[in-house]
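First up is the structure itself, then whatever we jot down about it.
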C-alpha cells in the first residue's frame, strides 16, 4: 500500500496530505470527481457516503452525507472554484457539524510515469479551526479514504 503523509505544523492554519497512486492521472482524477465513484472511497471505512450534489465545474456545488454504524449522519459541502481536468481542483469544504469552519482546498494531481501523486493543501481561517477538524480523528479517516481510493483504482484496472 502506498504511503500516506499528513503535515500539520504547530502554529499553522493549514495542513497538507500526500498519497502516491500507481495509476494514471486521468484515472485518479475521475475517481476523485465522479459522483458514482465517490461513495466507494470517500470517508472512513466505518461510514457510508451518499453524494447529494456534485457539480464539478467552477461555481458548482457539492454535498456529501456520511452515515456511521450507529446511523448518525455527518454532512459536508462546498463550492468548486477551479477545475482543471486531470490536474487541479480548488474548492471549499465545510463540515456541517461545525458551521463556519471552512477550509479552502487545493488538490493537485501530479502525473508521473504511470503514477499520480495526489496532494491536498487545506487552509483554514485559523489554527484553532484547523485543529478542531484534526481532532476529529481526521488523519485516520483520510488515510482510510486514500486506501479505499487505491482499492477502487485497482478494481477499475484489474
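Considering only 117, 139, 84, give the residue with the highest GNM mean-square fluctuation for the chain, with springs between Cα atoms whenever their separation is below 10 Å.
Between 117, 139, 84, it is 84 that shows the largest mean-square fluctuation.
Rounded, prolate or oblate: which fits the chain, taking a ≥ b ≥ c as square roots of the Cα gyration tensor eigenvalues, rounded meaning a/c under 1.5, else prolate when a/b beats b/c? Write out the running numbers ahead of the final one.
Numbers: a/c = 1.35, a/b = 1.23, b/c = 1.10.
Rounded shape, in that the Cα axes give a/c under 1.5.
For the chain, what does the helix formula give at 222 nm: sum of -39500 (n - 2.57) over DSSP H segments with n ≥ 4, over the residue count, nearest 500 deg cm²/dmol?
Details: 3 runs with 36 residues, N = 158.
Helix contribution divided over all residues of the chain: -7000 deg cm²/dmol.
Can you give me the C-alpha center-to-center distance between the stretch 135-154 and the stretch 16-89, rounded to a whole angstrom?
11
Using a 10 angstrom cutoff on alpha carbons, build the Gaussian network for the chain and name the most mobile of 101, 91, 68.
Among 101, 91, 68, the largest mean-square fluctuation in the Gaussian network model of the chain belongs to 68.
If you build a Gaussian network model of the chain, linking Cα atoms that sit under 10 Å apart, which residue out of 72, 107, 83 swings the most?
72
Apply 1/(1 + (r/R0)^6) to the Cβ-Cβ distance of residue 51 and residue 126, taking R0 = 22 Å, and write down the FRET efficiency to the nearest 0.05.
On the way: r = 29 Å, r/R0 = 1.33.
For R0 = 22 Å, the calculated efficiency reads 0.15.
Between residue 106 and residue 30, what is 0.36 nm times their sequence separation minus the Cα-Cα distance? Round to one decimal in nm.
Working: separation 76, 0.36 × 76 = 27.36 nm, distance 1.63 nm.
So the extension gain works out to 25.7 nm.
All of the numbers you see were taken from the coordinates with simple rules; none came from a lab. Small disclaimer: the values here were computed from a predicted structure and weren't measured. Positions of Cβ are generated from backbone atoms using ideal geometry, with glycine treated the same way; all protein chains shown enter the neighbour counts.
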